[in-house]
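Comments concern the structure below.
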Amino acid sequence: MKKKYLITFIVICILAIGTAAISAYWYLQNFAQRTIELNEPEQLFVLKRGTSIANLVKQVEQESLMTDAYLIPYLMKIHPELQGIKSGTYQLSATMTVEQFLQLLVSGKEVQFAIKFVEGKQAKEWLATLKNMPDIELTLTDKSLGEVAKQLSIEGAIEGWLYPDTYHYTPGTTDVAILNRAYQKMKIALQTIWDERDEGLPYQTPYQLLIMASIIEKETGVDDERSKVSSVFVNRLKYKMKLQTDPTVIYGMGEQYKGRLTRKDLQDKENPYNTYVIYGLPPTPIAMPSLASLQAAAHPATTNYLYFVADGQGGHTFTTNYADHDKAVKAYWRLMSSQNN
């Protein structure tokens with residue numbers, strides 16, 4: 001009888017343990033499918049390097065992301081694939097389950113931010129944009145443009161050398177790293193376009209093409225005009241004429257420019273970017289050119305145009321001689337005058 005009772009007791013114990021184990025398993029499975037608790041629809045979660053599972057539990061409890069956070073280690077035991085958590089900054093959503101939360105930490109897929117560098121802007125404006133973006137490690141705050149160029153291993157001025165685009169980054173990325181990506185992309189694009197350029201262009205180096213592209217960028221935002229604008233400047237260079245383009249003068253004036261060019265400004269011989277005084281291209285680019293402007297500089301339209309002026313409707317009037325150009329200028333000012341009255 002004693003032996004029979006012992007066997008019965010053992011069986012009951014086994015059944016009890018089995019029942020408890022099954023209950024625990026299902027409880028953990030239920031825990032895994034619970035939705036995490038956020039105060040906002042989305043929230044960032046920063047997991048520091050070297051964080052242990054025990055410290056993860058403490059952090060989750062401190063940030064009130066879930067109840068019963070102590071179950072996390074047990075959940076990981078029945079799901080070993082959830083154990084290899086990685087440090088980083090993660091974006092959580094209010095619909096995320098505990099299991100999805102842990103899967104995210106294991107994936108290492110950190111939240112990404114995007115910064116857009118706009119064509120036609122100057123290097124100083126790009127640096128200002130960097131300062132206002134979230135979670136970028138700023139190392140260039142007190143650097144001059146020359147020092148920033150050296151940081152990127154750019155010989156000479158930084159202007160023109162950064163490719164306009166949208167760049168994605170993870171928190172903690174340095175400003176230098178982002179700018180270096182833009183620089184490397186521009187180098188590749190410029191070299192490719194230089195290798196495929198039309199024959200007979202008045203550029204001696206890829207850098208001169210970059211300078212021309214920056215001028216085109218500042219002169220027009222109309223895509224189908226870029227090659228015409230390019231043809232005007234190419235024709236002027238070939239005929240040894242001065243470029244006479246306002247954007248270069250304005251760039252050279254820097255903070256002295258107050259919104260309007262005067263006769264004195266156009267006669268200023270001290271401004272190295274004053275293409276009303278100097279012959280040829282200015283010493284550096286005057287902005288960050290787009291791919292479209294680079295292509296226009298490398299493939300100008302075949303024209304006899306030597307002049308262009310705004311038409312008052314968003315585009316330009318192109319002419320081959322000064323007499324027609326003068327008429328176009330007068331027509332523009334008549335239109336402006338009628339609109340102001």
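Of the candidates Q208, Q204, the single residue that is polar (S, T, N, Q) and in a loop (DSSP other than H, G, I, E, B) is Q204. When the residues of the stretch 114-166 are filtered to those that are in a helix (DSSP H, G or I) and in contact (Cβ under 8 Å) with a residue 60 or more places away in the chain, the one that is nearest to L210 (Cα to Cα) is A123. Anything in the stretch 62-79 that is under 36 Å from the mean Cα position of the chain (by Cα) and surrounded by 12 or more Cβ atoms within 10 Å (Cβ to Cβ)? List them, or say none. Selection gives E63, S64, L65, M66. Of all the residues in the stretch 320-340, those that are within 20 Å of F233 (Cβ to Cβ) and among the polar types (S, T, N, Q) number 2.
Results for (1) open to solvent by 30 Å² or more (accessible area, probe 1.4 Å); (2) acidic (D, E), shown as yes or no for each residue.
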| residue | (1), (2) |
| --- | --- |
| A128 | yes, no |
| D142 | yes, yes |
| G160 | no, no |
| D195 | yes, yes |
| Q204 | yes, no |
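Listed by first and then second residue, the pairs with beta-carbon distance under 6 Å, at least 6 apart or on different chains, first residue in the stretch 203-218 and over 17 Å from P164 (Cα atoms), second at pLDDT 95 or above, are Y203/L209; P206/L190; P206/W194; Q208/L281.
When the stretch 107-126 is filtered for residues that are at pLDDT 95 or above and touching a Lys or Arg at 6+ places or on another chain (Cβ under 9 Å), only G120 remains. Among the conditions (1) surrounded by fewer than 19 Cβ atoms within 10 Å (Cβ to Cβ); (2) touching a residue at least 12 places away in the same chain (Cβ under 8 Å); (3) out of contact with any helix residue (DSSP H, G or I) (no Cβ under 6 Å at 6 or more places or on another chain); (4) on the phi < 0 side of the Ramachandran plot, G252 misses just one, which is (1). Annotation: of all residues in the stretch 80-124 being of a type in the set (D, E, K, R) and open to solvent by 70 Å² or more (accessible area, probe 1.4 Å), the one that is farthest from the chain's Cα centre (by Cα) is E81.
The values are calculated or read from the model by the stated rules, or taken from the named source; none is laboratory data. A quick note: this is a predicted structure, and the numbers were derived from the prediction, not measured. Please note: Cβ atoms are built from the backbone with ideal geometry, for glycine as well, and neighbour counts cover all protein chains shown. Just the protein is used for accessible areas: all its heavy atoms, side chains included, with ligands, DNA and RNA removed. Shrake-Rupley method; radii C 1.70, N 1.55, O 1.52, S 1.80 Å.
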